[in-house]
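Every number here is computed from the coordinates shown, using simple stated rules; none is lab data. Here the structure is a predicted model, which is why all the values come from computation and not from measurement. Because the Cβ atoms are built from the backbone with ideal geometry, glycine has one as well, and the counts that use them run over all protein chains shown.
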Amino acid sequence: MNASDKGSTLIPLWGKRSLHRLPFIVLTDLFRSRHLLRLLIKRDLNARYRRAYLGYTWAVLEPLLLAVVYTFIFTILVGSSDPLYPVKIIIGIIGWTMFARSLTTSTKSLSSSINLFQFARVPKTVFATSGTLTNAVLAVISLTCLIPFYFIHDLPITANLLMLPVWLLLLSFTGWGIGLLLAPLACKIPDILNLINFLVRAGFFLSPVMWTYDMFNSRFGDGWHAIVAHLNPTVVPITGMRDVVLGESSAIPGYGYAMCLTIALLGYVFGAMVFERKAHRAVVNV
């Protein structure tokens with residue numbers, strides 16, 4: 001074999017690699033495939049709104065319309081007279097939608113792209129990540145619907161607003177990591193996707209979308225209920241988003257932040273390990 005033949009030898013993408021290095025390898029592979037990621041995100045965005053007359057306006061209208069419905073229902077049931085409640089609902093919807101879509105798209109990334117893997121020699125994490133990043137773009141666009149409320153309610157504009165994309169990124173990262181963990185299993189057992197869809201619907205009510213952190217504290221206090229509630233990885237980020245937009249402080253305990261970050265990091269670390277070790281075999285054996 002001459003030098004040119006050696007240079008053209010294909011390096012297996014899915015060979016056995018050191019387990020503890022897999023989380024770093026995933027990030028490296030994604031960086032090398034950033035141009036493909038950009039194309040896939042552009043394709044997904046165009047496909048989602050290609051036939052809609054209002055186009056990307058729906059990314060802004062959807063949380064607004066849902067906020068109107070939920071505010072009306074919640075006001076009737078609870079009798080809340082908080083003038084900022086619609087804003088809190090919008091933030092909850094945007095944050096929860098970001099997490100839920102990241103989780104579902106990354107979980108079904110293998111099962112929905114099996115045919116592509118037969119022809120494309122690219123890291124499989126690209127397909128799981130492109131859907132997550134597409135939803136992140138839509139979430140950022142959706143945040144523009146908050147602009148009118150800054151004039152209506154004279155909300156504070158401070159440097160704390162820089163934390164808004166950080167909280168969104170944390171929600172996206174957590175959903176993506178858990179999705180990577182579940183994707184190989186979902187490829188073999190389709191019922192996993194049905195279970196995830198159910199958990200997403202149930203999780204909407206268990207997450208601070210229609211209720212707030214202060215409502216929870218006034219009802220349950222700081223006992224074991226609070227610890228259990230913080231196992232939900234959306235509680236702290238959504239509350240953090242509300243705090244920076246409204247200029248409030250919900251007094252989230254230190255262990256709440258610690259649990260949120262731990263779940264996000266462990267979800268990614270174990271998700272990357274499982275995905276890199278099992279994804280290729282799961283797709284081949286389908």
Take the Cα coordinates of region 79-211, assign each an equal point scatterer, and use the Debye formula without solvent to give log10 I(q)/I(0) at q = 0.17 Å⁻¹.
-0.92
Which semi-axis lengths, in whole Å and largest first, follow from the square roots of five times the eigenvalues of the Cα gyration tensor of region 203-286?
33, 13, 13
Would you please give the FRET efficiency between R21 and I189, computed as 1/(1 + (r/R0)^6) with r the Cβ-Cβ distance and R0 = 35 Å, to the nearest 0.05?
0.80
Ratio Rg/Rh, restricted to region 136-176 and using Cα atoms, in which Rh is the Kirkwood radius
1.04
Set the bar at 19 Å for Cα to Cα. Now go through K108/K188; K42/K188; K88/K108 and name every pair that lies beyond it.
K42/K188; K88/K108
Charge tally in the Cβ shell below 14 Å around L195, where Lys, Arg are +1 and Asp, Glu are -1, L195 excluded:
+2
How far apart, in nm, are two points set 7 Å out from the Cα along the Cα-to-Cβ line at L231 and at M215?
2.2
Cα to Cα, under 20 Å, and not fewer than 8 places away if on the same chain: which aspartates and glutamates meet these conditions relative to K124?
D29, D44, E276
Along its three principal axes, how long is region 131-286 when you only count alpha carbons? Whole Å, largest extent first please.
58, 37, 25
Under the rule rounded for a/c under 1.5, else prolate if a/b exceeds b/c, else oblate, using alpha carbon gyration tensor axes a ≥ b ≥ c, region 163-222 is classed as oblate
